[in-house]
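Before any comments, here is the structure.
The values are calculated or read from the model by the stated rules, or taken from the named source; none is laboratory data. Predicted, not measured: the structure shown is a model, and the values here were computed from it. Here the Cβ positions follow ideal geometry from the backbone for every residue, glycine too, while neighbour counts run over all protein chains shown. These area figures cover heavy atoms from the full protein model, side chains too; ligands, DNA and RNA do not enter into them. Shrake-Rupley method; radii C 1.70, N 1.55, O 1.52, S 1.80 Å.
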Amino acid sequence: MISRRSFLRIAGAGASALALAACSGAPAEEPAADQDPAQEQPAADPVVVRTTALKGPTAMGLVKFMSDAEAGSLDDNDYEFQIVASPDEVSPLIAKGEVDIAAVPANLASVLYNKTEKGVRVIAINTLGVLYVCELGDSIKSVADLKGKTIYASGKGSTPEYGLQYVLEKNGLTVGEDVRIEWKSEHAECVQALATSEGEAVAMLPQPFVTTAQAQNDKIRVALDLTEEWDKVQTGDEKSSMITGVAIVRSEFADENPAAVDAFLGHYAESVDYVNDDVEAAAQLVGDYDIVPAKVAQKAIPECNIVCVTGADMKERLSGYLAVLADQNPQAVGGAVPGDDFYYGA
C-alpha cells in the first residue's frame, strides 16, 4: 500500500474528461458541425506529472485528487505527489526540473518567474487570503476599530506585513501613528502576547493556526477576515484579491504537454469542489496525508478560502495582488511584476 506521508508516488488510473474549462467554469467548446467523429485527433499519450505542494492550505485542495490517483480511478496520466514543509524545498526542485507542477506561495511564483527567466507560469489560484485579526473580547468590528491598538504579528518583511499594511492604509490608518505593529518570530508568540496584553492588543494569525489557537484558548475571537477587508477597498474596473497560494507549471512542461496541464486542472477543480462541499470527509484525507490533523482541518477548511481560479479571472486578481506587493517592496515579487506570459490560459 502506498504510504500517505511526505512523499507519494501515485500512478494515475481513471480519466477525467474535464480540462481547463472545468477549473475556470467556462463551457467546453462544441465540435465543428462538419467534423467527422471518426477523424477526431487521438488522445495524448499519458505522461508523468510530478507535483509538489506545501503542508497547509495550499495542499488541502489536492487531497481528493491524490486519493483518487492512489485508488486507481484516474487513467489519463501518471501522477506523483510530494508534500514538503517549506517553500525553500520547492525552489530547487523547480530550478532543476525535478518537479513539473507546484503549489507555492503567490509571491514565490513571481520570484521564480523572474529568477528562472520565465521558466514557470501560473495555472491557478488555489488559496485566497488566510489571515485573520483575532482578539480576546468583542471590541473590533471594523478596520477602523484598530486605531490605537497594538497588533501582534509574524512575517515581517514578507507578504503578511505587506497585506496588513495595504489594508490599514486603504482604511486611512498609518502604521506607527494610528496603529502599532509588534513583530514576533512565531505565531505562538503572538498568541502568548495577546493573552498577556491589557486589552489594547490584537493578533494577526493565519489559518489553520487560528483553529489550533482557539482549541487551546476558547476566548480567542476572530474579529476581521483580512481577505474580506481587502475586497472591500477594491475600486475601479481592475480589482485584485488577497492571495496566499497558486499552482505553477514549468513553462517547458506546459509547452510540451498542454493536454496534461489541462487534465491536471480538471482533476484539481473537482478536488477543490469536493474539499469545500464535503468538509468532514476532506478533513479526514487532510489528516491521512499528514498535512494537518483531521480535527483541526475540519474546523479550518471553511476558513481557508480554498479555490481553483484560472484564466482571465486569475490574471486580474493575481496581477493586482503582485502589484500591491511590488509597490511596497519589489523584491517581494522577484524585482518586477511578471508579464502577460506568466498567466497560463489567460
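Below is a table of values for the structure above.
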item: Filtered residues of the stretch 293-305 (kept if assigned to a helix (DSSP H, G or I) and either without any contact (Cβ under 8 Å) to a residue 24 or more places away in the chain or surrounded by fewer than 22 Cβ atoms within 10 Å (Cβ to Cβ) (or both)); result: ALA294, LYS295, VAL296, GLN298, LYS299, PRO302, GLU303
item: Conditions (1) over 26 Å from LEU226 (Cβ atoms); (2) open to solvent by less than 60 Å² (accessible area, probe 1.4 Å); (3) part of a loop (DSSP other than H, G, I, E, B); number of the one not met by ASP290; result: (2)
item: Cross-chain or 6+ apart pairs with Cβ under 8 Å, the stretch 149-176 first and over 14 Å from LEU224 (Cα atoms) and in a loop (DSSP other than H, G, I, E, B), then open to solvent by 20 Å² or more (accessible area, probe 1.4 Å) and among the small types (Gly, Ala, Ser); result: GLY172/ALA144; LEU173/ALA144
item: Set ASP278, ASP231, ASP225: member being farther than 25 Å from ILE83 by Cβ, free of Cβ contacts under 8 Å to residues at least 12 places away in the same chain and open to solvent by 10 Å² or more (accessible area, probe 1.4 Å); result: ASP231
item: Number of the condition not met by ASP262 [criteria: (1) modelled with pLDDT under 95; (2) touching a Leu at 6+ places or on another chain (Cβ under 9 Å); (3) charged (D, E, K, R)]; result: (1)
item: Residue check, GLY199 at pLDDT below 95 and on the phi > 0 side of the Ramachandran plot; result: yes
